[in-house]
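Let me begin by presenting the structure, written as C-alpha coordinates, before commenting on it.
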Amino acid sequence: MKITRTGGIAALALVGALALTSCAANETPSGDGSSAPESTLSGTFNGAGASSQGAAQDAWVAAFQTANPKVTINYEQTGSGAGRETFIAGGSDWAGSDSALSDDELAKTFGSCAADSKAIDIPTYISPIAVIFNVEGVKELNLDAATLAKIFKGEITTWNDPAIAALNKGTTFPDTAITAVHRSDDSGTTKNFADYLNQVAPEVWDQKPADAFPYQTGEGAQGTSGVVNAVTNGSGTIGYADASKAGSLGTAKIKVGDEFVAYSPEAAAAVVAESPLVEGRAANDLAFKLDRKTTDPSHYPLVLVSYSIVCTEYADAAKGEFVKAYIGYITSAEGQKVAAESAGAAPLSADLAKKVADAIASIK
(Lines give C-alpha, C1' and ligand atoms only; values in the text may rest on other atoms or scores of the structure.)
Protein backbone atom coordinates (compact mmCIF):
# COMPACT_ATOMS: atom_id res chain seq x y z
CA MET A 1 0.00 0.00 0.00
CA LYS A 2 1.21 3.52 -0.77
CA ILE A 3 1.09 5.59 2.40
CA THR A 4 -0.27 9.02 1.54
CA ARG A 5 0.13 12.27 3.38
CA THR A 6 -3.53 11.95 4.43
CA GLY A 7 -2.63 9.39 7.09
CA GLY A 8 0.23 11.55 8.28
CA ILE A 9 -1.94 14.62 8.64
CA ALA A 10 -4.45 12.72 10.73
CA ALA A 11 -1.70 11.38 12.97
CA LEU A 12 -0.20 14.85 13.32
CA ALA A 13 -3.53 16.35 14.27
CA LEU A 14 -4.02 13.71 16.94
CA VAL A 15 -0.54 14.18 18.32
CA GLY A 16 -1.16 17.90 18.54
CA ALA A 17 -4.27 17.24 20.57
CA LEU A 18 -2.44 14.86 22.88
CA ALA A 19 0.85 16.73 23.17
CA LEU A 20 2.67 16.89 26.48
CA THR A 21 0.98 19.44 28.71
CA SER A 22 4.38 20.66 29.86
CA CYS A 23 5.58 21.27 26.32
CA ALA A 24 3.45 23.37 23.96
CA ALA A 25 3.50 22.46 20.28
CA ASN A 26 5.51 24.80 18.08
CA GLU A 27 3.83 26.47 15.16
CA THR A 28 5.24 25.77 11.72
CA PRO A 29 4.02 27.63 8.62
CA SER A 30 2.15 25.45 6.16
CA GLY A 31 2.21 25.77 2.39
CA ASP A 32 -0.93 27.88 2.27
CA GLY A 33 0.26 30.46 4.77
CA SER A 34 -1.63 29.00 7.72
CA SER A 35 0.09 27.19 10.56
CA ALA A 36 -0.01 23.56 11.68
CA PRO A 37 1.12 22.07 15.00
CA GLU A 38 4.57 20.52 15.04
CA SER A 39 4.90 17.18 16.78
CA THR A 40 6.56 17.27 20.20
CA LEU A 41 7.09 13.51 20.36
CA SER A 42 10.57 12.06 20.04
CA GLY A 43 12.42 8.87 20.89
CA THR A 44 12.44 5.18 20.08
CA PHE A 45 9.48 3.07 21.15
CA ASN A 46 9.03 -0.68 21.00
CA GLY A 47 6.06 -2.96 20.57
CA ALA A 48 5.90 -6.72 20.07
CA GLY A 49 3.35 -9.41 19.52
CA ALA A 50 0.66 -10.53 17.10
CA SER A 51 1.76 -11.21 13.54
CA SER A 52 -1.86 -10.85 12.44
CA GLN A 53 -1.44 -7.10 12.83
CA GLY A 54 1.75 -7.11 10.75
CA ALA A 55 0.52 -5.51 7.52
CA ALA A 56 -1.53 -2.94 9.42
CA GLN A 57 1.37 -2.13 11.75
CA ASP A 58 3.68 -1.54 8.79
CA ALA A 59 1.22 0.98 7.38
CA TRP A 60 0.46 2.60 10.74
CA VAL A 61 4.12 3.00 11.63
CA ALA A 62 4.94 4.54 8.25
CA ALA A 63 2.14 7.11 8.55
CA PHE A 64 2.86 7.96 12.18
CA GLN A 65 6.62 8.35 11.64
CA THR A 66 5.97 10.60 8.64
CA ALA A 67 3.95 12.91 10.88
CA ASN A 68 6.41 12.55 13.77
CA PRO A 69 9.91 12.54 12.22
CA LYS A 70 11.66 12.40 15.60
CA VAL A 71 9.91 9.16 16.51
CA THR A 72 11.17 5.66 15.70
CA ILE A 73 8.78 2.74 16.20
CA ASN A 74 9.83 -0.90 16.23
CA TYR A 75 7.13 -3.56 16.14
CA GLU A 76 8.40 -7.14 16.29
CA GLN A 77 6.02 -9.84 15.03
CA THR A 78 6.90 -12.38 17.71
CA GLY A 79 3.40 -13.83 18.19
CA SER A 80 0.76 -12.92 20.74
CA GLY A 81 2.07 -15.05 23.60
CA ALA A 82 5.63 -13.82 23.27
CA GLY A 83 4.39 -10.25 22.90
CA ARG A 84 2.48 -10.39 26.17
CA GLU A 85 5.46 -11.95 27.95
CA THR A 86 7.79 -9.24 26.67
CA PHE A 87 5.41 -6.48 27.76
CA ILE A 88 4.86 -7.98 31.21
CA ALA A 89 8.63 -8.20 31.67
CA GLY A 90 9.05 -4.53 30.72
CA GLY A 91 10.80 -5.23 27.41
CA SER A 92 8.31 -3.30 25.29
CA ASP A 93 6.07 -0.26 25.58
CA TRP A 94 2.95 -2.07 24.43
CA ALA A 95 1.96 -5.50 23.15
CA GLY A 96 -0.14 -6.57 20.20
CA SER A 97 -2.15 -9.68 21.02
CA ASP A 98 -4.99 -11.66 19.50
CA SER A 99 -5.71 -12.88 23.04
CA ALA A 100 -6.66 -10.52 25.83
CA LEU A 101 -4.72 -10.74 29.07
CA SER A 102 -5.75 -13.70 31.21
CA ASP A 103 -6.72 -13.32 34.85
CA ASP A 104 -3.36 -14.79 35.85
CA GLU A 105 -1.52 -12.30 33.66
CA LEU A 106 -3.55 -9.38 35.02
CA ALA A 107 -2.44 -10.34 38.52
CA LYS A 108 1.24 -9.88 37.60
CA THR A 109 3.44 -6.80 37.88
CA PHE A 110 4.00 -5.05 34.56
CA GLY A 111 7.54 -3.86 34.02
CA SER A 112 6.76 -0.69 32.06
CA CYS A 113 3.87 0.41 34.26
CA ALA A 114 3.96 2.75 37.23
CA ALA A 115 3.83 1.18 40.67
CA ASP A 116 0.38 -0.07 41.66
CA SER A 117 -0.96 0.35 38.10
CA LYS A 118 -2.02 -2.39 35.73
CA ALA A 119 -2.56 -3.03 32.04
CA ILE A 120 -5.72 -2.96 29.92
CA ASP A 121 -6.78 -4.49 26.61
CA ILE A 122 -7.75 -2.06 23.85
CA PRO A 123 -9.34 -3.48 20.65
CA THR A 124 -7.22 -2.34 17.75
CA TYR A 125 -7.72 -4.66 14.81
CA ILE A 126 -10.74 -6.82 13.89
CA SER A 127 -10.20 -9.39 11.18
CA PRO A 128 -11.57 -12.67 9.87
CA ILE A 129 -9.39 -15.77 10.15
CA ALA A 130 -9.16 -17.51 6.78
CA VAL A 131 -9.01 -21.28 6.41
CA ILE A 132 -6.40 -21.53 3.66
CA PHE A 133 -5.81 -24.60 1.52
CA ASN A 134 -3.70 -25.91 -1.36
CA VAL A 135 -5.17 -29.03 -2.94
CA GLU A 136 -4.52 -29.91 -6.57
CA GLY A 137 -7.63 -29.53 -8.71
CA VAL A 138 -9.73 -28.02 -5.91
CA LYS A 139 -10.70 -24.36 -6.25
CA GLU A 140 -13.58 -24.15 -3.78
CA LEU A 141 -14.06 -25.81 -0.41
CA ASN A 142 -16.96 -25.91 2.04
CA LEU A 143 -16.41 -27.03 5.63
CA ASP A 144 -18.51 -27.17 8.76
CA ALA A 145 -17.00 -26.79 12.22
CA ALA A 146 -17.07 -30.50 13.08
CA THR A 147 -15.29 -31.52 9.86
CA LEU A 148 -12.73 -28.75 10.24
CA ALA A 149 -12.09 -29.84 13.82
CA LYS A 150 -11.62 -33.47 12.77
CA ILE A 151 -9.12 -32.41 10.09
CA PHE A 152 -6.95 -30.46 12.53
CA LYS A 153 -7.35 -33.08 15.25
CA GLY A 154 -6.09 -35.75 12.86
CA GLU A 155 -9.32 -37.76 12.67
CA ILE A 156 -9.86 -37.02 8.96
CA THR A 157 -6.64 -37.74 7.09
CA THR A 158 -7.37 -37.78 3.34
CA TRP A 159 -9.02 -35.24 1.08
CA ASN A 160 -11.46 -37.74 -0.43
CA ASP A 161 -12.92 -38.56 2.98
CA PRO A 162 -16.73 -39.00 2.77
CA ALA A 163 -17.30 -36.24 5.35
CA ILE A 164 -15.57 -33.67 3.11
CA ALA A 165 -17.26 -34.98 -0.04
CA ALA A 166 -20.70 -34.69 1.58
CA LEU A 167 -20.19 -30.94 2.09
CA ASN A 168 -18.91 -30.38 -1.45
CA LYS A 169 -21.34 -31.94 -3.92
CA GLY A 170 -19.98 -31.98 -7.46
CA THR A 171 -16.32 -31.62 -6.44
CA THR A 172 -13.93 -34.53 -6.97
CA PHE A 173 -11.23 -34.68 -4.31
CA PRO A 174 -7.93 -36.48 -4.80
CA ASP A 175 -6.84 -39.45 -2.70
CA THR A 176 -4.21 -37.22 -1.14
CA ALA A 177 -3.09 -37.12 2.48
CA ILE A 178 -4.11 -34.01 4.41
CA THR A 179 -1.34 -31.96 5.97
CA ALA A 180 -2.98 -29.67 8.53
CA VAL A 181 -0.63 -26.81 9.39
CA HIS A 182 -0.95 -25.08 12.75
CA ARG A 183 1.05 -22.44 14.61
CA SER A 184 4.01 -23.89 16.51
CA ASP A 185 4.40 -20.74 18.62
CA ASP A 186 1.96 -19.46 21.24
CA SER A 187 -0.57 -17.67 19.09
CA GLY A 188 -3.72 -15.69 19.70
CA THR A 189 -4.82 -16.69 16.20
CA THR A 190 -4.65 -20.31 17.35
CA LYS A 191 -6.67 -19.46 20.46
CA ASN A 192 -9.38 -17.80 18.37
CA PHE A 193 -9.41 -20.69 15.89
CA ALA A 194 -9.68 -23.17 18.78
CA ASP A 195 -12.35 -21.08 20.49
CA TYR A 196 -14.51 -21.20 17.36
CA LEU A 197 -14.16 -24.99 17.08
CA ASN A 198 -14.70 -25.52 20.80
CA GLN A 199 -17.86 -23.38 20.83
CA VAL A 200 -19.40 -24.77 17.63
CA ALA A 201 -18.11 -28.37 17.64
CA PRO A 202 -17.31 -29.17 21.29
CA GLU A 203 -17.99 -32.86 20.78
CA VAL A 204 -14.89 -32.97 18.56
CA TRP A 205 -12.69 -30.10 19.78
CA ASP A 206 -12.65 -31.05 23.45
CA GLN A 207 -9.67 -28.99 24.57
CA LYS A 208 -9.97 -25.60 26.24
CA PRO A 209 -8.91 -22.80 23.85
CA ALA A 210 -5.36 -21.63 24.48
CA ASP A 211 -2.52 -19.93 22.64
CA ALA A 212 -0.76 -23.29 22.22
CA PHE A 213 -2.14 -25.78 19.67
CA PRO A 214 -3.52 -28.60 21.82
CA TYR A 215 -3.07 -31.79 19.78
CA GLN A 216 0.01 -33.71 18.66
CA THR A 217 -1.08 -33.80 15.04
CA GLY A 218 -0.33 -32.14 11.73
CA GLU A 219 2.61 -29.84 11.04
CA GLY A 220 3.67 -26.82 13.10
CA ALA A 221 4.99 -23.58 11.62
CA GLN A 222 6.32 -20.41 13.23
CA GLY A 223 4.16 -17.31 12.90
CA THR A 224 1.49 -16.39 10.38
CA SER A 225 4.04 -16.23 7.58
CA GLY A 226 5.30 -19.71 8.47
CA VAL A 227 1.80 -21.19 8.20
CA VAL A 228 1.15 -19.43 4.89
CA ASN A 229 4.49 -20.58 3.47
CA ALA A 230 3.92 -24.18 4.56
CA VAL A 231 0.47 -24.27 2.97
CA THR A 232 1.72 -22.56 -0.20
CA ASN A 233 4.73 -24.82 -0.69
CA GLY A 234 3.10 -28.06 0.37
CA SER A 235 0.67 -30.46 -1.28
CA GLY A 236 -2.71 -31.30 0.18
CA THR A 237 -2.22 -28.65 2.82
CA ILE A 238 -4.66 -26.69 4.93
CA GLY A 239 -4.06 -24.04 7.60
CA TYR A 240 -5.48 -20.98 9.31
CA ALA A 241 -4.20 -17.41 9.17
CA ASP A 242 -5.28 -13.81 9.40
CA ALA A 243 -7.20 -13.17 6.19
CA SER A 244 -4.82 -10.36 5.20
CA LYS A 245 -2.14 -12.99 4.55
CA ALA A 246 -4.21 -15.44 2.50
CA GLY A 247 -2.95 -14.08 -0.81
CA SER A 248 -3.78 -16.29 -3.80
CA LEU A 249 -4.38 -19.44 -1.73
CA GLY A 250 -7.78 -21.07 -1.72
CA THR A 251 -9.97 -20.08 1.21
CA ALA A 252 -12.74 -22.27 2.56
CA LYS A 253 -16.30 -21.22 3.26
CA ILE A 254 -17.53 -22.23 6.70
CA LYS A 255 -21.05 -23.33 7.54
CA VAL A 256 -23.16 -20.79 9.40
CA GLY A 257 -26.74 -21.92 9.93
CA ASP A 258 -27.77 -23.60 6.69
CA GLU A 259 -25.35 -21.73 4.41
CA PHE A 260 -21.64 -21.75 3.64
CA VAL A 261 -20.16 -18.32 4.22
CA ALA A 262 -16.99 -16.76 2.82
CA TYR A 263 -15.01 -14.46 5.07
CA SER A 264 -15.44 -10.71 4.83
CA PRO A 265 -14.57 -7.83 7.15
CA GLU A 266 -18.23 -6.88 7.48
CA ALA A 267 -19.33 -10.41 8.41
CA ALA A 268 -16.54 -10.66 10.98
CA ALA A 269 -17.38 -7.28 12.50
CA ALA A 270 -21.02 -8.33 12.89
CA VAL A 271 -19.99 -11.07 15.32
CA VAL A 272 -17.95 -8.65 17.44
CA ALA A 273 -20.80 -6.13 17.51
CA GLU A 274 -23.11 -8.69 19.10
CA SER A 275 -20.61 -10.12 21.60
CA PRO A 276 -20.31 -9.00 25.25
CA LEU A 277 -17.24 -7.75 27.06
CA VAL A 278 -15.53 -10.02 29.57
CA GLU A 279 -17.06 -9.40 32.99
CA GLY A 280 -15.19 -8.43 36.14
CA ARG A 281 -12.51 -6.28 34.54
CA ALA A 282 -11.49 -2.66 34.92
CA ALA A 283 -13.89 -0.16 33.36
CA ASN A 284 -11.50 0.67 30.52
CA ASP A 285 -10.48 -2.94 29.80
CA LEU A 286 -12.31 -3.82 26.58
CA ALA A 287 -11.68 -7.56 26.26
CA PHE A 288 -14.40 -9.41 24.32
CA LYS A 289 -16.04 -12.74 25.00
CA LEU A 290 -16.86 -13.60 21.41
CA ASP A 291 -20.10 -15.46 20.74
CA ARG A 292 -19.40 -17.72 17.77
CA LYS A 293 -22.59 -19.79 17.84
CA THR A 294 -24.52 -17.57 15.47
CA THR A 295 -26.65 -19.16 12.75
CA ASP A 296 -27.01 -15.87 10.86
CA PRO A 297 -25.27 -16.26 7.46
CA SER A 298 -24.50 -12.54 7.37
CA HIS A 299 -21.99 -13.29 10.15
CA TYR A 300 -18.56 -14.94 9.95
CA PRO A 301 -17.81 -16.37 13.40
CA LEU A 302 -14.19 -17.34 12.76
CA VAL A 303 -12.97 -13.87 13.70
CA LEU A 304 -10.27 -12.41 15.89
CA VAL A 305 -10.08 -9.20 17.86
CA SER A 306 -6.47 -8.13 18.18
CA TYR A 307 -5.66 -5.86 21.10
CA SER A 308 -3.11 -3.26 22.04
CA ILE A 309 -2.15 -4.07 25.62
CA VAL A 310 -1.03 -0.92 27.42
CA CYS A 311 -0.41 0.42 30.91
CA THR A 312 -3.06 2.49 32.63
CA GLU A 313 -0.12 4.57 33.88
CA TYR A 314 3.48 4.40 32.68
CA ALA A 315 6.57 4.63 34.86
CA ASP A 316 8.10 6.77 32.09
CA ALA A 317 5.72 9.64 31.26
CA ALA A 318 7.22 10.08 27.78
CA LYS A 319 6.31 6.51 26.92
CA GLY A 320 2.82 7.07 28.20
CA GLU A 321 2.40 10.09 25.94
CA PHE A 322 3.69 8.15 22.95
CA VAL A 323 1.38 5.20 23.57
CA LYS A 324 -1.55 7.53 24.08
CA ALA A 325 -0.83 9.25 20.75
CA TYR A 326 0.07 6.16 18.71
CA ILE A 327 -2.73 3.88 19.89
CA GLY A 328 -5.04 6.87 19.59
CA TYR A 329 -4.02 7.22 15.95
CA ILE A 330 -4.31 3.56 14.95
CA THR A 331 -7.78 3.30 16.50
CA SER A 332 -8.97 6.60 15.01
CA ALA A 333 -11.18 6.68 11.92
CA GLU A 334 -8.14 7.44 9.77
CA GLY A 335 -6.03 4.72 11.36
CA GLN A 336 -8.80 2.17 10.91
CA LYS A 337 -9.12 3.21 7.27
CA VAL A 338 -5.42 2.55 6.82
CA ALA A 339 -5.85 -0.93 8.35
CA ALA A 340 -8.81 -1.65 6.07
CA GLU A 341 -6.85 -0.64 2.98
CA SER A 342 -3.57 -2.34 3.92
CA ALA A 343 -4.88 -5.49 5.61
CA GLY A 344 -8.60 -5.86 4.90
CA ALA A 345 -9.48 -5.28 8.56
CA ALA A 346 -12.95 -4.34 9.74
CA PRO A 347 -13.15 -0.82 11.22
CA LEU A 348 -14.24 -0.42 14.83
CA SER A 349 -17.95 0.31 15.14
CA ALA A 350 -18.96 3.81 16.24
CA ASP A 351 -19.97 2.53 19.68
CA LEU A 352 -16.75 0.58 20.20
CA ALA A 353 -14.64 3.46 18.84
CA LYS A 354 -16.14 5.76 21.52
CA LYS A 355 -15.30 3.26 24.29
CA VAL A 356 -11.78 2.86 22.89
CA ALA A 357 -11.25 6.63 22.77
CA ASP A 358 -12.37 6.95 26.40
CA ALA A 359 -9.99 4.17 27.44
CA ILE A 360 -7.07 5.78 25.64
CA ALA A 361 -7.86 9.17 27.19
CA SER A 362 -7.41 7.59 30.62
CA ILE A 363 -3.81 6.50 29.97
CA LYS A 364 -1.22 8.37 32.00
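Do you know which residues across the stretch 291-304 are of a type in the set (A, V, I, L, M) and modelled with pLDDT of 95 or more? Outline the logic, then answer.
Within the stretch 291-304, the subset of a type in the set (A, V, I, L, M) is 302-304.
Listed by number, the residues that qualify are L302, V303.
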Strands (runs of 3 or more DSSP E) fully within the stretch 34-122 counting 2 or more residues that are in contact with a Phe, Trp or Tyr (Cβ under 9 Å, 6 or more places away or on another chain): 43-49, 71-76, 94-97
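One line per residue, one yes/no per condition, for (1) modelled with pLDDT of 95 or more; (2) buried (at least 23 other Cβ atoms within 10 Å of the Cβ); (3) in a strand (DSSP E or B); (4) among the aromatic types (F, W, Y):
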| residue | (1), (2), (3), (4) |
| --- | --- |
| V131 | yes, yes, yes, no |
| L148 | yes, yes, no, no |
| P174 | yes, no, no, no |
| D206 | yes, no, no, no |
| Y215 | yes, no, no, yes |
| V227 | yes, yes, no, no |
| I238 | yes, yes, yes, no |
Subset of the stretch 162-187 [in contact with a Lys or Arg (Cβ under 9 Å, 6 or more places away or on another chain) and either outside the structural domain of F133 (by TED's automatic domain parsing) or not polar (S, T, N, Q) (or both)]: A163, L167, A180, D186
Test: E341 is in contact (Cβ under 8 Å) with a residue 40 or more places away in the chain, among the charged types (D, E, K, R) and surrounded by fewer than 22 Cβ atoms within 10 Å (Cβ to Cβ): yes
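Could you pull out the residue among G96, G90, G111 that is among the small types (G, A, S) and touching a strand residue (DSSP E or B) at 6+ places or on another chain (Cβ under 8 Å)? Walk me through it before giving the result.
Working: G90 fails: touching a strand residue (DSSP E or B) at 6+ places or on another chain (Cβ under 8 Å); G111 fails: touching a strand residue (DSSP E or B) at 6+ places or on another chain (Cβ under 8 Å).
G96 is the lone residue from the list that is among the small types (G, A, S) and touching a strand residue (DSSP E or B) at 6+ places or on another chain (Cβ under 8 Å).
Being part of a helix (DSSP H, G or I), crowded, with 20+ Cβ neighbours inside 10 Å and modelled with pLDDT under 95 is the requirement here; does S244 meet it? Even if it seems obvious, please write down each step before you answer.
Numbers: part of a helix (DSSP H, G or I): yes; crowded, with 20+ Cβ neighbours inside 10 Å: yes; modelled with pLDDT under 95: yes.
Yes: the conditions hold for S244.
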Single condition T179 does not satisfy, out of (1) under 17 Å from the mean Cα position of the chain (by Cα); (2) surrounded by 15 or more Cβ atoms within 10 Å (Cβ to Cβ): (1)
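If you take the residues of the stretch 292-316 that are touching a residue at least 60 places away in the same chain (Cβ under 8 Å), assigned to a loop (DSSP other than H, G, I, E, B) and surrounded by fewer than 24 Cβ atoms within 10 Å (Cβ to Cβ), which of them is nearest to the chain's Cα centre (by Cα)?
The extreme case among them is R292.
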V323 being surrounded by 20 or more Cβ atoms within 10 Å (Cβ to Cβ), β-branched (V, I, T) and in a helix (DSSP H, G or I): yes
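The values are calculated or read from the model by the stated rules, or taken from the named source; none is laboratory data. What you are looking at is a predicted structure, and each value in this text was computed from that prediction instead of being measured. Note that we place each Cβ from the backbone using ideal geometry, even for glycine, and neighbour counts take in every protein chain shown.
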